[in-house]
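Below is one structure; the comments refer to it alone.
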Amino acid sequence: MWIVTQQTIIFLGPQGSGKGTQVSLLKDYITNNDTRSIVYFTAGTSLRAFAAGEGFAQEKVRPLIAAGKLIPTFISTELFSSRLINSIHGNEHIIIDGFPRTTDQIPDFDSAMKFFERERPVVLHIGLSDEVAKDRLTKRHREDDTTEGIEERLRWSHQEAAAVNEWFKNSPDYRFVEINGEQPIEAVQQEILKALQLS
């Protein structure tokens, strides 16, 4: 199938919901069906890459990531803004993973979507219970996936994500779709493709 409409997709959901896996599958699907490039931003990977660098700010960020704490908004927003400013030329698909994470990041995010004239982006929220999330995170053996780090990320995820989701649900400028993240990977992918009207 030829994808004739420009896609702007935001993946939201708790840690362990499989956003990264689904993004990868979607990128492959789009690449196989369209010639346009994809601008991809993932908050978690971008923050970890930033923390791996050298500098005073990086030194201060590293323990926050290790403890599962929220990173100050100005850093996350700077990474997001730089990615879009340096990568968008006008005809690309955009896929964003895990941003905005807090309500104070929404104004900058929303202004970017309007500046780049993105018509009604689709927000895909992949839902997952805490029990399943903890089980998945424990098994992936990432450095910041300690018991304490997982608990902390899930805690602020509930607090902040609920408000972010509510904002998107109530905004006429976005289409918010709930996805059941506890299904098998293939079933989640099919639900996502259906939501995006790609299948």
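Could you check how many residues of the range 183-199 are surrounded by 15 or more Cβ atoms within 10 Å (Cβ to Cβ) and either small (Gly, Ala, Ser) or under 14 Å from LYS19 (Cβ atoms) (or both)?
Within the range 183-199, residues that are surrounded by 15 or more Cβ atoms within 10 Å (Cβ to Cβ) and either small (Gly, Ala, Ser) or under 14 Å from LYS19 (Cβ atoms) (or both) number 5.
Would it be correct to say that THR146 is of a type in the set (Ser, Thr, Tyr), modelled with pLDDT of 75 or more and touching an Asp or Glu at 6+ places or on another chain (Cβ under 7 Å)? Give the steps one after another, and end with the answer.
On the way: of a type in the set (Ser, Thr, Tyr): yes; modelled with pLDDT of 75 or more: yes; touching an Asp or Glu at 6+ places or on another chain (Cβ under 7 Å): no.
For THR146, the condition - of a type in the set (Ser, Thr, Tyr), modelled with pLDDT of 75 or more and touching an Asp or Glu at 6+ places or on another chain (Cβ under 7 Å) - is not met.
Of the numbered conditions (1) on the phi > 0 side of the Ramachandran plot; (2) without any contact (Cβ under 8 Å) to a residue 60 or more places away in the chain, GLY98 fails exactly one; give the number of that condition.
Looking at each condition in turn, GLY98 falls short on (2).
Is it fair to say GLY98 is more than 25 Å from PHE168 (Cβ to Cβ) and of a type outside the set (Phe, Trp, Tyr)? Don't jump to the end; show me each part of the working.
Working: more than 25 Å from PHE168 (Cβ to Cβ): no; of a type outside the set (Phe, Trp, Tyr): yes.
Here the answer is no, as GLY98 does not meet what is asked.
Kindly establish whether GLU151 is exposed (fewer than 12 other Cβ atoms within 10 Å of the Cβ) and not in a strand (DSSP E or B).
Answer is no for this residue.
Give me a count of the residues in the range 120-135 that are within 24 Å of GLU148 (Cα to Cα) and not hydroxyl-bearing (Ser, Thr, Tyr).
Final tally of qualifying residues: 9.
For the range 39-54, how many residues meet the condition of being at pLDDT 95 or above, surrounded by fewer than 16 Cβ atoms within 10 Å (Cβ to Cβ) and within 24 Å of ILE150 (Cα to Cα)?
3
A quick yes/no check of all residues on (1) out of contact with any helix residue (DSSP H, G or I) (no Cβ under 6 Å at 6 or more places or on another chain); (2) surrounded by 15 or more Cβ atoms within 10 Å (Cβ to Cβ); (3) at pLDDT 95 or above:
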{"position": "PHE56", "(1), (2), (3)": "yes, no, yes"}
{"position": "THR77", "(1), (2), (3)": "no, yes, yes"}
{"position": "ARG83", "(1), (2), (3)": "yes, yes, yes"}
{"position": "ASN86", "(1), (2), (3)": "yes, no, yes"}
{"position": "GLY98", "(1), (2), (3)": "no, yes, no"}
{"position": "LEU137", "(1), (2), (3)": "no, yes, no"}
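It is to be established whether one or more residues within the range 106-118 are crowded, with 19+ Cβ neighbours inside 10 Å, touching a residue at least 40 places away in the same chain (Cβ under 8 Å) and in contact with a strand residue (DSSP E or B) (Cβ under 8 Å, 6 or more places away or on another chain).
Within the range 106-118, one or more residues are crowded, with 19+ Cβ neighbours inside 10 Å, touching a residue at least 40 places away in the same chain (Cβ under 8 Å) and in contact with a strand residue (DSSP E or B) (Cβ under 8 Å, 6 or more places away or on another chain).
If ILE179 satisfies all but one of (1) surrounded by fewer than 18 Cβ atoms within 10 Å (Cβ to Cβ); (2) under 13 Å from PRO14 (Cβ atoms), what's the number of the condition it fails?
All conditions pass for ILE179, except number (1).
Within the range 15-38, work out how many residues are in contact with a strand residue (DSSP E or B) (Cβ under 8 Å, 6 or more places away or on another chain), closer than 25 Å to VAL164 by Cα, of a type outside the set (S, T, N, Q) and surrounded by 18 or more Cβ atoms within 10 Å (Cβ to Cβ).
So in the range 15-38, the residues in contact with a strand residue (DSSP E or B) (Cβ under 8 Å, 6 or more places away or on another chain) come out as 17-20, 22-23, 26-27, 30-31, 34, 36-38.
In the following step, the residues that additionally are closer than 25 Å to VAL164 by Cα were identified as 17-20, 22-23, 26-27, 38.
Now restrict to residues that are of a type outside the set (S, T, N, Q): 18-20, 23, 26-27, 38.
Right, trim to surrounded by 18 or more Cβ atoms within 10 Å (Cβ to Cβ) and you get 18-19, 23, 26.
Number satisfying all stated conditions: 4.
The values are calculated or read from the model by the stated rules, or taken from the named source; none is laboratory data. In this text the structure is predicted, and so the values were computed from the model without any measurement. Ideal geometry is used to build each Cβ from the backbone, glycine not excepted, and the neighbour counts take in all protein chains shown.
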